[in-house]
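Following: one structure in structure tokens, then a few remarks.
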Amino acid sequence: MQKQHPIVIIPTFNEAENIGSVIGQVLSLPLSFRVLVVDDSSPDGTGDLVEALKTEHPERIHLLRRAGKLGLGTAYILGFQYALEHGYELICEMDADMSHNPADLERIVAPVISGEADLAIGSRYVNGVRIINWPLSRLMLSYSAGMYTRAITGIRIQDVTAGFKCFHRRVLEAIDLNAVRSNGYSFQIELNFKAWKKGFTLVEVPIIFTERTEGRSKMSKAIVREAAWKVWELRIRSIFGRL
Ligand SMILES: Nc1nc2c(ncn2[C@@H]2O[C@H](COP(=O)(O)OP(=O)(O)OP(=O)(O)O)[C@@H](O)[C@H]2O)c(=O)[nH]1
Ligand SMILES: [Mg+2]
């Protein structure tokens with residue numbers, strides 16, 4: 001039996017200041033979302049906060065705790081595997097830092113529910129640029145990552161690194177999750193690319209992205225380097241048919 005309620009996977013590392021209000025807002029949406037937090041033993045006690053909320057809503061909040069900071073990509077993979085095993089049909093991902101507005105979730109799941117899309121992406125760049133409080137340098141990096149990815153892979157997505165998404169389970173079932181190696185921003189690029197290559201329909205839903213005001217960023221130069229190489233790797237592997 002597949003579950004009709006969508007599930008939202010939220011990876012966390014030190015998001016104690018944000019996680020309570022994110023979960024509260026997700027749970028208050030009319031669509032009765034489930035939440036799955038994947039916490040990497042946050043030293044600030046994020047996992048314990050979620051554990052406490054979970055006792056209030058045991059049906060709706062789930063928590064996976066990992067032993068240490070193992071990276072965003074593997075956190076999502078674990079979350080996807082959990083969601084597939086538990087029969088969820090609509091599997092979303094979002095950040096815990098309030099950059100993604102929980103109120104946008106319903107617009108992101110809508111095209112997947114209607115069958116218009118297999119993968120819907122909450123996009124900062126479709127029909128203009130909608131980012132609040134980013135320095136120009138960060139915007140340039142993110143925007144040029146998109147141009148670079150489109151030029152090399154041919155994918156026609158404006159926001160290639162967005163982490164606010166909804167997959168139909170058929171997409172995640174079709175992708176060999178254990179073969180996904182990216183861990184930073186390129187994780188999003190890799191999943192988009194693999195979904196697109198398998199013939200799934202991707203649509204972008206415009207959202208407003210707001211830079212975090214609480215907690216600290218985990219962005220690093222290594223994440224950018226990984227993405228720069230990854231795009232070539234995806235292209236070359238797909239030419240040789242080894243996706
Ligand atoms: N489980 C887990 N979550 C992580 C890890 N790194 C980041 N996150 C979470 O992933 C989401 C996105 O990370 P952010 O630090 O916001 O990264 P970003 O959005 O690229 O950067 P800023 O928002 O500019 O700070 C947040 O919910 C983080 O808490 C990790 O290693 N493990
Ligand atoms: Mg963020």
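No value in this document is a laboratory result; all are computed from the given coordinates. This is a predicted model, so every value here is computed, not measured. All Cβ positions, even for glycine, are placed from backbone atoms using ideal geometry, and neighbour counts span all protein chains on display.
Descriptive notes on the structure:
- Cα pair distances exceeding 13 angstrom across region 161-226, given as percent: 70
- Summary of packing: across the peptides 186-196, 227-237, 131-141, the per-residue average of other C-beta atoms within 10 Å ranks them, highest first, as 186-196, 227-237, 131-141.
- Sequence-distant residues sharing a close amide H with V205 (under 5 Å, placed H): I121, G122, S123
- Cα-based convex hull volume of region 129-243 per residue, rounded to whole Å³: 118
- Near E214, once Lys and Arg are set to +1 and Asp and Glu to -1 for all other residues with Cβ below 13 Å from its Cβ, the sum equals -4.
- Relative compactness, region 46-184, computed as alpha-carbon Rg over 2.2 N^0.38 Å: 1.14
- Of the cross-linked pairs K194/K218; K197/K218; K198/K221, those separated by over 28 Å at the C-alpha level are K197/K218; K198/K221.
- Considering only beta bridges that DSSP places wholly inside region 7-239, some 25 percent are antiparallel.
- For a straight C-alpha distance cut-off of 15 angstrom, the aspartates and glutamates reachable from K69 (same-chain residues fewer than eight places away being disregarded) are E15, D39, D40, D44.
- Max-minus-min Cα coordinates of region 103-188 on each principal axis give 37, 32, 22 Å, with the largest extent listed first.
- For region 1-91: rounded, prolate or oblate by the Cα gyration tensor [a/c cutoff 1.5]: oblate
- Entry for the chain at q = 0.09, 0.11, 0.18 Å⁻¹: log10 I(q)/I(0) = -0.35, -0.53, -1.58, Debye formula applied to identical alpha-carbon scatterers, no solvent contribution.
- Computed over the alpha-carbon pairs of region 86-145, the distance histogram in 5 Å steps reads 4, 14, 22, 23, 18, 11, 6, 2, 0 percent, short to long.
- The chain, helix-only ellipticity at 222 nm - DSSP H runs n ≥ 4, -39,500 (n - 2.57), divided by all residues, nearest 500: -13000 deg cm²/dmol
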